[in-house]
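Trainee: Below is the structure I would like to discuss, written out as structure tokens.
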Amino acid sequence: MARRWRCGDVTFTLDRTLVMGILNVTPDSFSDGGLYEDPLDAIARGRQMVTQGADIVDVGGESTRPGAEEVAVAAELARVRPVVGGLARDLGVPVSIDTRHAEVAEGCLSVGARVINDVSGFRDPAMVEVAAASDAGVVVMHMLGEPRTMQAEPRYGDVVAEVREHLAGQAETLERAGVGRERIAIDPGIGFGKTVEHNLELLRRLPEFAELGYAVLVGVSRKSVIGAVLHEPDPLRRVQGSVAAAAWCALHGADIVRVHDVRDTVSALKVLRAIEG
Ligand code: HH2
């Protein structure tokens, strides 16, 4: 049977790699911070990403870059809810809410979000409850610790084995709470408590995540691992490197890639598919 990822009333057949467009409604995200603070600008950008080929639009109201401070829940909800609501009405593709907070997830589901993307991997039981009470798709990401401290000397024995085991455990918790397997995507969390070598190894051994049987999502777009390889401190100049990484992911088991540069990534994946035949 074809593999699927179900997000509310939308079911994706995972016969090609989907593109999730990033829309950060924050003042301080590492590469698009401050661009879409006005909800009308954010909604326009969300629509533009869909015309460029995005399959999902992921709205975030809290930067989780290394060292970022946590945002008050009320402030986060005030940032994202109008944008999620404005987009969900007639976007034509699912809107995802990128949050660590159950109240924010719930508030956004009530205005039409169809995916909960939790970078803390559903460690909060309240978040598991919100997911279980909904019909939304979920993204379970691995993060070591929390954004404020996660890059302070991250250590693993076998990074792939440890991240995989953690994700399998969190996915099982969700399943036990009633979230069907077909709703769950797992994500190794590139850049979240990992050195450059850890990130490269996670990408190199990506097929090991697909073996778990859940949909696999990867977000590497413009991240510091690309910057480190290219010696490029400016995230806006990491586009080609990011597209190369997304293409690698698509060829090695990623069902969904989370990217800033939707048009460039969609073009690259189209060419890959044409070559594959
Ligand atoms: N990365 C970021 C945020 N959310 N969600 C998932 N599932 N996977 C990721 O790799 C991921 C994520 C960080 O990137 P970005 O949103 O561009 O930056 P910031 O956290 O500074 O807003």
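Trainee: Which of the following residues is within 27 Å of residue 67 (Cα to Cα), within 11 Å of the ligand (Cβ to nearest atom) and open to solvent by 40 Å² or more (accessible area, probe 1.4 Å): 224, 120?
Mentor: Sole residue among the options that is within 27 Å of residue 67 (Cα to Cα), within 11 Å of the ligand (Cβ to nearest atom) and open to solvent by 40 Å² or more (accessible area, probe 1.4 Å): 224.
Trainee: Which one is nearest to the chain's Cα centre (by Cα) among residues in the range 19-47 that are away from the ligand (no atom under 13 Å from the Cβ) and within 21 Å of residue 246 (Cβ to Cβ)?
Mentor: 19
Trainee: Among 138, 104, 128, 111, which is the only one that is in contact (Cβ under 8 Å) with a residue 24 or more places away in the chain, over 19 Å from residue 169 (Cβ atoms), not polar (S, T, N, Q) and not in a loop (DSSP other than H, G, I, E, B)? Lay out the reasoning, then the answer.
Mentor: On the way: 138 fails: over 19 Å from residue 169 (Cβ atoms); 128 fails: over 19 Å from residue 169 (Cβ atoms); 111 fails: not in a loop (DSSP other than H, G, I, E, B).
Exactly one residue qualifies, and that residue is 104.
Trainee: Scan the range 92-106 for residues that are open to solvent by 10 Å² or more (accessible area, probe 1.4 Å) and either of a type outside the set (Val, Ile, Thr) or within 16 Å of the ligand (Cβ to nearest atom) (or both) and jot them down. Walk me through how you get there before you give the answer.
Mentor: Restricting attention to the range 92-106, the residues satisfying the condition of being open to solvent by 10 Å² or more (accessible area, probe 1.4 Å) are 92-93, 98, 100-103, 106.
Result: 92, 98, 100, 101, 102, 103, 106.
Trainee: Return yes or no: is residue 85 modelled with pLDDT of 95 or more and either assigned to a loop (DSSP other than H, G, I, E, B) or within 12 Å of the chain's Cα centre (by Cα) (or both)?
Mentor: Numbers: modelled with pLDDT of 95 or more: yes; either assigned to a loop (DSSP other than H, G, I, E, B) or within 12 Å of the chain's Cα centre (by Cα) (or both): no.
Against the criterion (modelled with pLDDT of 95 or more and either assigned to a loop (DSSP other than H, G, I, E, B) or within 12 Å of the chain's Cα centre (by Cα) (or both)), residue 85 does not qualify.
Trainee: In this structure, is residue 76 over 18 Å from the mean Cα position of the chain (by Cα) and within 13 Å of the ligand (Cβ to nearest atom)? Give the steps one after another, and end with the answer.
Mentor: Values: over 18 Å from the mean Cα position of the chain (by Cα): no; within 13 Å of the ligand (Cβ to nearest atom): yes.
Taking the combined requirement at face value, the residue does not satisfy it.
Trainee: Could you check the range 59-76 and list, in sequence order, the residues that are at pLDDT 90 or above and open to solvent by 50 Å² or more (accessible area, probe 1.4 Å)?
Mentor: Listed by number, the residues that qualify are 72, 74.
Trainee: Any idea which of 64, 149 is part of a loop (DSSP other than H, G, I, E, B), among the β-branched types (Val, Ile, Thr) and within 11 Å of the ligand (Cβ to nearest atom)? Reasoning before the result, please.
Mentor: Values: 149 fails: within 11 Å of the ligand (Cβ to nearest atom).
That would be 64, the only listed residue that is part of a loop (DSSP other than H, G, I, E, B), among the β-branched types (Val, Ile, Thr) and within 11 Å of the ligand (Cβ to nearest atom).
Trainee: Would you mention how many residues in the range 4-18 are open to solvent by less than 30 Å² (accessible area, probe 1.4 Å), of a type outside the set (Gly, Ala, Ser) and away from the ligand (no atom under 14 Å from the Cβ)?
Mentor: Our first condition is that a residue be open to solvent by less than 30 Å² (accessible area, probe 1.4 Å); within the range 4-18, this holds for 5, 7-8, 12, 14, 17-18.
Cutting the leftovers down to of a type outside the set (Gly, Ala, Ser) gives us 5, 7, 12, 14, 17-18.
Of the ones still in play, those that are also away from the ligand (no atom under 14 Å from the Cβ) are 12, 14, 17.
Number of matching residues: 3.
Trainee: Of the residues 232, 182, 172, which single one is outside any helix (DSSP H, G or I) and of a type in the set (Asp, Glu)?
Mentor: Details: 182 fails: outside any helix (DSSP H, G or I); 172 fails: outside any helix (DSSP H, G or I).
Just a single option satisfies the conditions, and that option is 232.
Trainee: Just one of the numbered conditions (1) under 17 Å from residue 160 (Cβ atoms); (2) touching a Pro at 6+ places or on another chain (Cβ under 7 Å); (3) surrounded by fewer than 21 Cβ atoms within 10 Å (Cβ to Cβ) is not true of residue 205; which one?
Mentor: Only one criterion is unmet by residue 205, namely (2).
Trainee: Turning to a different aspect of this structure: Just for the range 175-200: of the residues that are away from the ligand (no atom under 16 Å from the Cβ) and not hydrophobic (A, V, I, L, M, F, W, C), which one is least open to solvent (accessible area, probe 1.4 Å)?
Mentor: Result: 180.
Trainee: Residues in the range 208-220 that are open to solvent by 10 Å² or more (accessible area, probe 1.4 Å) and within 10 Å of the ligand (Cβ to nearest atom): how many?
Mentor: Residues meeting the conditions: 0.
Trainee: Look at residue 31 and say whether it is surrounded by fewer than 24 Cβ atoms within 10 Å (Cβ to Cβ), at pLDDT below 95 and touching a Lys or Arg at 6+ places or on another chain (Cβ under 7 Å).
Mentor: Details: surrounded by fewer than 24 Cβ atoms within 10 Å (Cβ to Cβ): yes; at pLDDT below 95: yes; touching a Lys or Arg at 6+ places or on another chain (Cβ under 7 Å): yes.
Yes: the conditions hold for residue 31.
The values are calculated or read from the model by the stated rules, or taken from the named source; none is laboratory data. The model shown is predicted, which means the values in this text are computed figures rather than measured ones. Using ideal geometry, Cβ is built from the backbone for each residue, glycine included, and neighbour counts are taken over all protein chains shown. Quick note on the areas: whole protein, heavy atoms, side chains included, nothing else; ligands and nucleic acids left out. Shrake-Rupley method; radii C 1.70, N 1.55, O 1.52, S 1.80 Å.
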